[in-house]
1. Give the percent of DSSP beta bridges with both residues in region 117-253 that are antiparallel, rounded to the nearest 5.
2. Round to the nearest 10 and give me the degree value, 0 to 90, for the angle of helix 2-27's Cα axis relative to the longest principal axis of the chain.
3. Under 18 Å from the Cα of K138, which aspartates and glutamates turn up, not counting those fewer than eight places away in the same chain?
4. In sequence order, what are the phi-derived ³J(HN,Hα) couplings for region 225-230 according to the Karplus relation 6.51 cos²θ - 1.76 cosθ + 1.60 with θ = phi - 60°, rounded to whole Hz, with x for glycine and proline?
5. Give the whole-number value, in cubic angstrom per residue, of the convex hull volume spanned by the C-alpha atoms of region 42-157.
6. How do the peptides 193-200, 66-73 rank, highest first, by the average count of neighbouring beta carbon atoms within 10 Å per residue?
7. Going by C-beta contacts inside 10 Å, put R208, R75 in order with the fewest on the left.
8. Which of S90, I210, L223 sits farthest toward the positive end of the charge dipole of the chain, with +1 on the Cβ of Lys and Arg and -1 on the Cβ of Asp and Glu?
Amino acid sequence: MKRSLYVLLVICLAITLVFAGQAIAKKKIFLTLGSGSPGGVYYPLGGGMAVVIEKTVEDVRCASESTGASVENSRLVGLGETDMGMVMGSVAYKATKGLDPFDKKYNLVALFQMYPAPEHIVTTKQSGIKSLADLKGKKVSIDVPGSGCSTQAMAILSEYGYDLEKDLTLANLSQTESVQALKDGVVDACFFNFAYPASAVMDLAATRDIVMVPLEEAFVDKLVKKYPYYLKLVIPAGTYSDVDYDVLCLGDSNVMVANKKMKKDIAYKITKAIYENVSTGKYALTNIHPIAAQLTPANAVNSPIPLHPGSMKYFKELK
């Protein structure tokens with residue numbers, strides 16, 4: 001009788017542990033983070049942020065997904081198919097307003113602004129291209145369709161006066177494909193949008209004599225006035241080998257967006273985890289890419305779209 005009672009108690013304990021384990025497992029939250037294509041900053045930094053979240057936020061798992069970047073991430077997050085996404089500020093702004101290239105408004109908010117990024121216009125000495133005027137009749141890669149880079153590239157070219165269907169040939173290649181195409185002479189120039197120094201450009205500079213095409217100051221001022229979400233930025237001389245001059249560029253901000261439906265406590269925990277692991281600790285983001293040093297609270301709150309209440313709570317606590 002005692003033996004039967006003992007066996008019964010063991011069975012009950014086992015069942016209790018199973019259900020307890022299931023209850024704990026159910027508490028695990030799985031999040032996805034849309035980054036970008038290999039070669040830019042989004043891809044490694046997004047992967048680093050996913051690791052920080054998974055390793056430091058209790059009961060949360062997170063995976064970074066390579067995507068077409070800004071426009072695609074806006075749609076994915078807006079539709080609830082991805083939890084977070086790295087998006088250029090101008091694209092995030094348009095997504096919330098339902099402006100081209102979007103056909104409806106998306107309920108996006110920012111967890112934080114990450115860093116500003118200039119639009120790189122890169123070519124080789126062999127091409128003979130030194131200015132926007134020299135692009136006429138050339139084949140130019142502007143990144144994948146719908147990306148923030150291609151959107152900004154078309155704005156630059158159109159405002160300069162080019163007929164995008166007649167005056168030049170546009171190619172929609174990924175960052176990695178663009179580098180290889182420029183190396184092989186398949187395209188004459190490439191537009192890239194990312195923080196500097198970028199691995200894609202450094203890779204190109206390692207085997208080719210590169211030229212960075214600067215914009216004229218009056219032209220940039222005109223663009224910033226028309227598109228207030230864009231920025232006037234300079235890539236300092238010496239950032240890339242053989243480029244010994246400052247390069248004036250049209251830039252954009254970069255934000256981590258989420259859907260308005262994200263729970264306040266989750267947004268708070270994510271934001272806190274990221275900003276506590278920028279430059280210190282085992283998972284420091286500056287070890288992934290130096291641009292992470294620009295992940296400061298002062299930069300974070302300067303977003304072209306409203307901040308999530310959970311993120312606002314964290315930044316207010318720092319004051």
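What follows draws every value from the coordinates through simple rules; no lab data is involved. The structure displayed is predicted, hence computed values, not measured ones. Cβ: placed from backbone, ideal geometry, glycine included. Neighbour counts: every protein chain shown.
1. 75 percent
2. Long axis of 2-27 versus the principal axis of the chain: about 20 degrees.
3. E159, D163, E165, D167, E177, D184, D188
4. Karplus values, whole Hz, x for Gly and Pro: 5, 7, 10, x, 8, 8.
5. 127 Å³
6. 66-73, 193-200
7. R208, R75
8. Checked the options; the winner is S90.
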